[in-house]
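Student: Below are the structure tokens for one structure; questions will follow.
The values are calculated or read from the model by the stated rules, or taken from the named source; none is laboratory data. In this text, all values refer to a predicted model and were calculated from it rather than measured experimentally. Glycine gets a Cβ as well: all are built from the backbone with ideal geometry, and neighbour counts include every protein chain shown. The area values use the complete protein model at the heavy-atom level, side chains included, leaving out ligands, DNA and RNA. Shrake-Rupley method; radii C 1.70, N 1.55, O 1.52, S 1.80 Å.
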Amino acid sequence: MEKAIVLAASAIGAGIAMISGFGPGIGQGYAAGKATEAVGRQPEASGAITRTMLVGCAVAESTGIYGFVVALILLFINPFIDKL
């Protein structure tokens with residue numbers, strides 16, 4: 001019975017961890033939109049704007065990747081089963 005509770009809690013925790021994917025998606029869309037606006041205003045600065053946008057999107061994406069890794073660990077490795 002305890003194993004089933006731990007597995008259920010791990011599945012719920014993995015689902016909650018995947019909610020962290022919404023933030024990077026919204027942030028990257030906002031950054032890409034603002035970068036497009038900036039290039040439209042100053043086309044000569046497109047190289048610096050694009051570079052800065054890509055670095056910012058990479059940092060934002062790392063948050064989603066961390067959530068995904070936590071979800072995979074909870075679902076497949078499940079370190080809490082050993083604690084029973």
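Student: In the stretch 56-83, what residues are under 14 Å from Gly29 (Cα atoms) and open to solvent by 70 Å² or more (accessible area, probe 1.4 Å)?
Tutor: Of everything in the stretch 56-83, those that are under 14 Å from Gly29 (Cα atoms) and open to solvent by 70 Å² or more (accessible area, probe 1.4 Å) turn out to be Val59, Glu61.
Student: Scan the stretch 10-28 for residues that are more than 9 Å from Gly67 (Cβ to Cβ), open to solvent by 60 Å² or more (accessible area, probe 1.4 Å) and not β-branched (Val, Ile, Thr) and jot them down.
Tutor: Within the stretch 10-28, Phe22 is the sole residue that qualifies.
Student: For the stretch 29-52, give me each residue that is closer than 20 Å to Gly64 by Cβ and open to solvent by 50 Å² or more (accessible area, probe 1.4 Å). Even if it seems obvious, please write down each step before you answer.
Tutor: Filtering the stretch 29-52 down to residues closer than 20 Å to Gly64 by Cβ leaves 29-35, 52.
Once the filter is applied, which keeps residues that are closer than 20 Å to Gly64 by Cβ and open to solvent by 50 Å² or more (accessible area, probe 1.4 Å), the stretch 29-52 yields Tyr30, Lys34, Thr52.
Student: Determine the pairs where a residue that is within 13 Å of Thr50 (Cα to Cα), located within the stretch 22-39, has a partner that is among the β-branched types (Val, Ile, Thr) with Cβ atoms under 8 Å apart, the partner being 6 or more residues away or on another chain.
Tutor: Cβ pairs passing all conditions: Ala35/Ile49; Ala35/Thr50; Ala35/Thr52; Ala38/Ile49; Val39/Ile49; Val39/Thr50.
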